[in-house]
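Take a look at the structure below.
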Amino acid sequence: MSIEDIKTIGVIGAGQMGSGIATVGATSGYDVIMMDANEGQIKKGMGKIEHNLERQVEKGLLSEADRKLALPRIKTATTLDAFKDCDIIIEAASENEAVKTEILKALFPLLKPEAIITTNTSSISITRLAAQTDRPEKFAGMHFMNPVPAMELVEVIRGINTSKETFETVSELAKKMKKIPAAAEDFPAFIVNRILMPMLNEAVYTLYEGVGTVKAIDQSMMLGAHHPMGPLALADFIGLDVCLAVMNTLYEDLADSKYRPCPLLTKYVEAGWLGRKSGKGFYDYSGDEPVPTR
C-alpha cells in the first residue's frame, strides 16, 4: 500500500497519545476512527481533541476554518470491527506487551488484507508484536512523542519482517501529518527513550540517594544544562508508569544492570503516584501550582 492509498486512519486508544494522534490525523486531512472500549475515555479523549484544536487556533497554528473541518473527520467506536475499512491502524494502547498482543490478535482478522498495522509503543519489540499478526511485512512502529500535536518527531521502526514499501509508506504518512520521521532499528526503547529514560531514572536515583531534593534536581538541570523542563517534572508529565515500563523493558531485554529501575520509581507506581495524570508523582498537582512531594 502506498501513501496515496491511505484515506482512513484507525487509532486504538483514546488516552493522551491516542487523542493526540487522532488530532494530527484529522488536521492533516485524513478521516479518523478513534476506538476505545471505555466510553468514558472516549468522551475525555474527544474533549482533549477539541481543546487541542482550540489551542492551535489561539496560537495561530490552525485556522478556524480548518478547525471546523477537522473535528467532523473524527468518528469514535468502542469495538475493533469499526476498523474493517481502515487503510492503516495506529495502536496506541497502554505500554504493556500482553495488552498490545491481545489487541493485535483480535484486530488483524477484522482488517482488509492490504491494511497496514503500526504500534505507538515506546519500547517493545516491533518484531515480537508483528509476529502476533497475519501480516508482519505490513507491520511497523510509529512512535509519536508526547504531546503529539506539539512534538515534531515520529520514530519509524522496522521489525525484521517489515517490508521496504511499508516502511516508506509509514514514513511518508508521518510527513503528511507534519512530523519529521526518524528511522530506528528494532532495539529496546529505540532512539529517544534509549537515551532519555535512563537519564530520568538516574534523576530518580539522585533523589532516592538524597543527593538533592526534587526542586534542586530539576532546577539544576534546567539552569545548568538548559533543559526546558526538569527530569522529575518531565517524568511526571510522561507518566511514571510509562517510565517504569520502558526501564523494565531495557533492563530485561538488554540484561544490563545500568538499566535497573530505581526502587523509588517502582514504589511511586505501586502507590498509584503516576504523575500529572493521577494528580501526584514527584509533584502534587492538586493546587494552583505543582508542589514537590519530597
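The values are calculated or read from the model by the stated rules, or taken from the named source; none is laboratory data. Keep in mind that what you see is a predicted model, and the values were worked out from it rather than measured. So basically every Cβ, Gly included, is an ideal-geometry build from the backbone, and we count neighbours across all protein chains shown.
Worth a mention:
- Applying a threshold of 6 Å to beta carbon distances and a minimum spacing of six or more residues, or different chains, the list of pairs starting in the range 267-292 at a residue that is in the same structural domain as Gln219 (by TED's automatic domain parsing) and on the phi > 0 side of the Ramachandran plot and ending at one that is of a type in the set (D, E, K, R) and at pLDDT 95 or above reads Gly275/Asp236.
- Output for the range 1-23, where each listed residue is surrounded by fewer than 24 Cβ atoms within 10 Å (Cβ to Cβ) and in contact (Cβ under 8 Å) with a residue 12 or more places away in the chain: Met1, Ser2, Ile3, Asp5, Ile6, Lys7, Thr8, Gly15, Gln16
- When the range 51-66 is filtered for residues that are free of Cβ contacts under 8 Å to residues at least 40 places away in the same chain and surrounded by 15 or more Cβ atoms within 10 Å (Cβ to Cβ), the ones remaining, listed by number, are Leu53, Val57, Leu62, Asp66.
- The single condition among (1) more than 30 Å from Leu254 (Cβ to Cβ); (2) in a loop (DSSP other than H, G, I, E, B) that Pro109 does not meet is (2).
- Count - residues of the range 266-277 that are farther than 18 Å from Pro290 by Cβ and crowded, with 17+ Cβ neighbours inside 10 Å: 1
- Residue match in the range 100-120 (condition: farther than 21 Å from Ala26 by Cβ, at pLDDT below 95, surrounded by 13 or more Cβ atoms within 10 Å (Cβ to Cβ) and not aromatic (Phe, Trp, Tyr)): no
- Residue pairs whose Cβ atoms lie under 7 Å apart, separated by 6 or more positions or on different chains, with the first residue in the range 248-260 and farther than 16 Å from Ile195 by Cβ and the second part of a helix (DSSP H, G or I) and among the hydroxyl-bearing types (Ser, Thr, Tyr), are Arg260/Tyr251.
- Search result, residues across the range 148-207 that are basic (Lys, Arg), more than 16 Å from the chain's Cα centre (by Cα) and surrounded by 21 or more Cβ atoms within 10 Å (Cβ to Cβ): Arg158
- Any hit, the range 24-36, residues being over 26 Å from Glu165 (Cα atoms) and in a helix (DSSP H, G or I): no
- Lone qualifier among Glu137, Glu95 - being of a type in the set (Asp, Glu), surrounded by 22 or more Cβ atoms within 10 Å (Cβ to Cβ) and closer than 24 Å to Ile180 by Cα: Glu95
- Counting only residues that are charged (D, E, K, R) and touching a Phe, Trp or Tyr at 6+ places or on another chain (Cβ under 8 Å), the range 239-287 holds 3 of them.
- Residue in the range 246-265 that is within 24 Å of Gln41 (Cβ to Cβ) and surrounded by 21 or more Cβ atoms within 10 Å (Cβ to Cβ) present: yes
- Residue match in the range 260-275 (condition: of a type in the set (Ser, Thr, Tyr) and at pLDDT 95 or above): yes
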